[in-house]
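The values are calculated or read from the model by the stated rules, or taken from the named source; none is laboratory data. Just so it is clear, the model here is predicted, and its values are computed rather than measured. Note that each Cβ is placed from the backbone with ideal geometry, even for glycine, and that neighbours are counted across all protein chains shown. With ligands, DNA and RNA removed, areas are computed over all heavy atoms of the protein, side chains included. Shrake-Rupley method; radii C 1.70, N 1.55, O 1.52, S 1.80 Å.
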Amino acid sequence: LKPIGIIEIPTLETETSSSKNFTVVGLVDDQDGSGIKEVSLYYRFSKDKLNWSNWTRYGDTLSSSPFKWEYTAQEGDGYYNFRINVTDAAGNTMNSEVFPVHLVVFSFPLTLTLIMICLLVVFSLLTAIIFIKWRKTKVT
């Protein structure tokens, strides 16, 4: 019999995350009793949910419980699919069902930040100039 494996991401209550860092847990069971030899985490990424990257192994292949990985989404916002590959000591292998995650991380673009700072400086200077001219006209 093949081993059984499912993925759980305890910090996610829905399939959408606003954090690019989370823990992925593999819950596995060896049905034939030979023992779990190894568990690997795989992911793929898509910006549009249509064009997916190839499946890529993430982190270490683990040989003992707990089967968990601290995941950091390097690609940023988009759609991620996760699955685990489980192999038991008898050589039976299975891939878990896909666990989908939609990642939306609020990040303020650097260019927009710089533009806003420049506008604030210009506004402050104009306010100071207007105030100084107003004070001069009020004094005279």
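Structure above, values below:
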item: The one condition in (1) touching a strand residue (DSSP E or B) at 6+ places or on another chain (Cβ under 9 Å); (2) exposed (fewer than 11 other Cβ atoms within 10 Å of the Cβ); (3) hydrophobic (A, V, I, L, M, F, W, C) that Phe67 fails to fulfil; result: (2)
item: Filtered residues of the stretch 70-83 (kept if polar (S, T, N, Q) and open to solvent by less than 70 Å² (accessible area, probe 1.4 Å)); result: Thr72, Asn81
item: In the stretch 1-22, the residues that are of a type in the set (S, T, N, Q) and either surrounded by 17 or more Cβ atoms within 10 Å (Cβ to Cβ) or modelled with pLDDT of 90 or more (or both); result: Ser17
item: Options Val105, Val101, Val86; residue that is touching a residue at least 24 places away in the same chain (Cβ under 8 Å), among the β-branched types (Val, Ile, Thr), open to solvent by less than 80 Å² (accessible area, probe 1.4 Å) and out of contact with any strand residue (DSSP E or B) (no Cβ under 6 Å at 6 or more places or on another chain); result: Val105
item: Of the criteria (1) closer than 17 Å to Thr23 by Cβ; (2) part of a loop (DSSP other than H, G, I, E, B); (3) open to solvent by less than 60 Å² (accessible area, probe 1.4 Å), which one Gly91 fails; result: (1)
item: Check on Trp134, among the aromatic types (Phe, Trp, Tyr) and outside any helix (DSSP H, G or I); result: no
item: In the stretch 106-133, residue farthest from Glu75 (Cα to Cα) [restricted to those that are small (Gly, Ala, Ser) and at pLDDT below 90]; result: Ala128
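Conditions (1) surrounded by 14 or more Cβ atoms within 10 Å (Cβ to Cβ); (2) in a loop (DSSP other than H, G, I, E, B), marked per residue:
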residue: Val24; (1), (2): yes, no
residue: Lys37; (1), (2): yes, no
residue: Lys49; (1), (2): no, yes
residue: Asn54; (1), (2): no, yes
residue: Asp60; (1), (2): no, no
